[in-house]
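These notes are about the structure you will find just below.
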């Protein structure tokens with residue numbers, strides 16, 4: 001691993017751990033430090049990401065059922081982004097194998113399609 005890649009990896013990891021600590025120690029339902037959804041405030045409809053902050057807080061506390069209840073789409077989004085991050089950081093055989101499946105236009109379009117379907121479904125069914 002090159003020095004630059006090591007620095008980037010350490011920086012990204014530190015930022016992720018700091019963000020996780022903020023969400024672990026602060027409940028988005030009770031704290032004013034977290035932003036509110038502008039789409040929800042303007043339209044009254046949930047965006048695809050509504051509930052993600054609460055879901056992250058619940059997941060960090062081991063409440064997976066609550067996390068899924070807050071935002072079901074995170075079940076798709078988190079693994080996708082973790083694999084994409086791993087593929088980007090790992091420049092070995094494993095990273096290339098992940099990239100062949102995750103970092104492709106087809107996978108990107110599938111993710112966007114699922115995102116839009118989730119957005120429509122959650123507002124029609126009030127999920």
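Counting only C-alpha contacts under 8 Å and six or more residues apart, can you give the relative contact order of the chain as a whole percent?
This gives 19 percent for the chain.
Please determine, in degrees from 0 to 90 and to the nearest 10, the orientation of helix 93-102 with respect to the longest principal axis defined by the Cα atoms of the chain, where the helix direction is its Cα long axis.
40 degrees
Which of 102, 68, 112 moves the most in a Gaussian network model of the chain with Cα springs under 10 Å?
Evaluated over the chain, the most mobile residue of the options is 112.
Would the stretch 23-85 count as rounded, prolate or oblate if I go by the C-alpha gyration tensor, calling it rounded below 1.5 in a/c and otherwise prolate when a/b exceeds b/c, oblate otherwise?
In terms of gyration-tensor shape, oblate.
Give me the number: length gained by fully extending residue 120 to residue 33, i.e. 0.36 nm times residue separation minus the C-alpha to C-alpha distance, one decimal in nm. Before the final figure, lay out each step's value.
Numbers: separation 87, 0.36 × 87 = 31.32 nm, distance 2.84 nm.
Here the segment from residue 120 to residue 33 would lengthen by 28.5 nm.
Taking only Cα atoms and a 10 Å spring cutoff, compute GNM fluctuations for the chain and point out the largest among 15, 116, 98.
15
As I understand it, the value is the acute angle between the Cα axis of helix 74-89 and the longest principal axis of the Cα atoms of the chain; what does it come to in degrees, rounded to 10?
So the inclination is approximately 20 degrees.
Can you classify the stretch 65-127 as rounded, prolate or oblate using the Cα gyration tensor, where a ≥ b ≥ c are the square roots of its eigenvalues, rounded means a/c under 1.5, and otherwise it's prolate if a/b beats b/c and oblate if not?
oblate
What's the angle, to the nearest 10 degrees (0 to 90), between helix 105-124's Cα axis and the longest principal axis of the chain?
Around 10 degrees separate the two axes.
Per-residue counts of other Cβ atoms within 10 Å, averaged by peptide: what ranking do you get for 85-92, 26-33, highest first?
Packing proxy ranking, top to bottom: 85-92, 26-33.
Ignoring everything except DSSP H segments at least 4 long, calculate the 222 nm mean residue ellipticity for the chain; use -39,500 (n - 2.57) per segment, divide by total residues, nearest 500.
Computed ellipticity for the chain at 222 nm equals -22500 deg cm²/dmol.
Mind checking the full-extension length gain between residue 42 and residue 75? Use 0.36 nm per residue of separation minus the Cα-Cα distance, one decimal, nm.
Stretched out fully, the residue 42 to residue 75 stretch lengthens by 9.2 nm.
Along the Cα→Cβ direction, 7 angstrom out, place labels at residue 15 and residue 97. What is the inter-label distance in nm?
Distance between label points: 2.9 nm.
Would you look at the GNM of the chain, springs on alpha carbons closer than 10 Å, and say which of 14, 77, 52 moves the most?
Checking each option, the largest mean-square fluctuation is seen for 14.
For the stretch 13-69, calculate the relative contact order in percent as a whole number, restricting contacts to Cα pairs under 8 Å that are 6 or more residues apart.
33 percent
Given (1) 12.9, 34; (2) 14.9, 49; (3) 16.7, 50 as candidate values of Rg and Dmax of the Cα atoms in Å, which corresponds to the one derived from the coordinates?
It is the value labelled (3).
Rule-based calculations on the coordinates, nothing more; no lab input. Here the structure is a predicted model, which is why all the values come from computation and not from measurement. Note that we place each Cβ from the backbone using ideal geometry, even for glycine, and neighbour counts take in every protein chain shown.
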